[in-house]
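Reviewing the structure listed below.
Any read-out appearing in this document is the output of simple, stated calculations on the displayed coordinates, not a laboratory observation. Remember, predicted model here, so these are calculated numbers, not experimental data. Cβ sites come from the backbone with ideal geometry, for glycine too, and all protein chains shown count toward neighbours.
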Amino acid sequence: MRKHSKYMAKDLIEKDLKYWGSQIEVSKKFRERYGKSNRWETLKKYHRNEWPDNELIYNILHINLRSTIPKLYYKDPYVMVRPESNKFSIPCRMRETALNYVISQNGTKQTMREIAEHTWMFGRGPGLVGFDVPPPQSLDEILAGKDVRGNEVKHEFNLYKKEGLPWFVPIHPENHLVPFGVKHITDTPWAAHGVLRDLDDLRKDDRYDTKGLHGTHLPMDSPQADYNAIASDADSTMDLVFFWVIHDFRTGKVFALIEDYDKWLREPVDDPAQVDGVPFVSCVFNPDTDYYWATSDALYLEPQLLEGNEVRTQLMYHRRLDLLKWIAERGVIDKEELKKFLDGDIGKWIWANATGTGKISDKIMQFRSGIPPELYGYIEQINRDGRDTTGLGRNQMGDVEKKSHVSATETMVVQAGYETRITDKVDAVKETLEAAVRKMDKLMTKYWQDEETVKVMGIDGKAYWVRYSAKDMEGKYKIEIDPRSMVEQDPQQKKMELMQTIQMMQMNPSVNINYLMRLLLREYSYIDVLEALPEAPQGPTNADEFILQQQQMQQQMMAQGGGQQQQTLGGQAG
């Protein structure tokens, strides 16, 4: 096991641990006050459809969540790299190819979908970006990853964390903290995320000092405390440890601690993930005017959810009360004869006893209480309030508007209002993903040492095999996410627009038609764009040769295009 440094005096360590313990407590109160984290457990029960048995539930929270998330994040994202000057136009093609390869391998789509759900449910959707560097090869560290029989043991189980590549994982808001007063993740002096690990696995991870540690350090206010209730009878031998990993931007350090534990779980060391501030990104749909934490869409919908369920429960009981009942004079009907009222046989005789004078019809009568009709109106009003809150109409939720006539103008106005509100959420998801990709890009530049060989589309429309490393892609770029690649669109309409653009622009020799063709082919999910392009005749080339070759082609095409353009203009003038 790695030797932890001796230079830190015990009283200094205790002082630091006390300071950070108090910071964590204040940050939790900050989250509870403005993020309303004390309501999150209730929201999770709504989402899991956990309700009392005597209630009739119409879960508008689940309906709105499932209607909204696919509209925010539908397909695989596509990274576009734009050069800030012409001299970087060729390297940016390699950078774009590399980044799209990375996000296709590290589960970025799944991460962003989970971040969007967390944002909708809890107001904030944080994510953590890092880089999985190759493991050190010292003897102690090699032995730390083996069991008593010498077999290799894994203590990292995220399949998207691949050696030599950036990774991007969602962080549940319950396991995320920032200091009081922070407004944006980009201006926080530090940020933390909580981790729950099996003690045996933790002991095999050489970054942590687990000597004397027992699996009893579970904060009771954490969601992981539920484990004790679930597994206490099933497996009493498994010990879990919950701890905080803190990324301190002020010092550039990362360290880990357990609340109320008298030593560091991981001493402060240089944080390899801090290449662009703290290694977190964060999404928000309803930003607070002053602070980082925000009110979620789910909390805005909660009053309509509870009120609607209460009215529907009342309707359920009224319907039960309204079932046909009989009122009879005692002794007129025997118990055996009374059973005939409740069976399904047709044409049965029911014998009544003669009691006193008068007709039998005066002694037996039907009774129905009726259902208050205003309850149905309440339900419709509550549903309308919920639609106003979220901006989702019947049509956007997959239902048909129940009106005899809807004008085209009315439909366009309603759709325009919906597009405005949903576009705001799409932009929030897009900006979060762009921030994550920029961090991944900087991590690649810093840590990517190996040389990769990938297919890159040249300016001549051919596919080239190019060997390159991070240093070959250095330059000034603008990284963007194609927003249309993220949300659901009419694929036929998009293909038609691209084909019309190609037809319109192909007469201009200065236009890069290959770029437009690449966009068109991307709309066919079953087509690999680079496989569809003809391969260049030469074999794999290194980055310098590729850049020089492409620059020469670019100059030739510009010269030919300029000459053709002058000739065309001269012909028109004549």
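Between S361 and N38, the C-beta separation translates, for a Förster distance of 45 Å, into a calculated FRET efficiency of about 0.15. In terms of surrounding Cβ atoms within a 10 Å radius of their Cβ, E452, E14 rank from fewest to most as E14, E452. For W326 and L375, a Förster radius of 22 Å and the Cβ-Cβ distance give a FRET efficiency of 0.30, rounded to the nearest 0.05.
Between V195 and Q556, the simple spin-label model (points 7 angstrom out along Cα→Cβ) gives 5.4 nm. As a calculated quantity, the FRET efficiency between K75 and Y300 at R0 = 30 Å, using C-beta atoms, amounts to about 0.60.
Run the numbers on region 8-120 and let me know its relative contact order in percent, using alpha-carbon pairs under 8 Å that are six or more apart. For region 8-120, the relative contact order is 20 percent. Anything over 29 Å Cα to Cα? Flag those among K183/K204; K45/K425; K36/K263; K29/K162; K211/K253, in the order listed. The answer is K183/K204; K36/K263; K29/K162. Exposure proxy shown here: for T289, T295, T108, the number of other Cβ atoms within 10 Å sets the order, fewest to most, as T289, T295, T108. Each of the peptides 498-504, 430-436, 262-268 was scored by the mean count of other Cβ atoms within 10 Å over its residues; in descending order, highest first, they stand as 430-436, 262-268, 498-504.
Here the Karplus curve 6.51 cos²θ - 1.76 cosθ + 1.60, taken at θ = phi - 60°, turns the phi angles of region 191-207 into couplings of 8, 9, 9, x, 10, 10, 9, 5, 4, 4, 5, 5, 5, 7, 8, 5, 6 Hz, with x standing for Gly and Pro. For I171, neighbours were defined as the other residues whose beta-carbon sits under 11 Å from its Cβ, and their charges (Lys and Arg +1, Asp and Glu -1) total -1.
By the count of neighbouring beta-carbon atoms within 10 Å, fewest first, L315, L306 end up ordered L306, L315.
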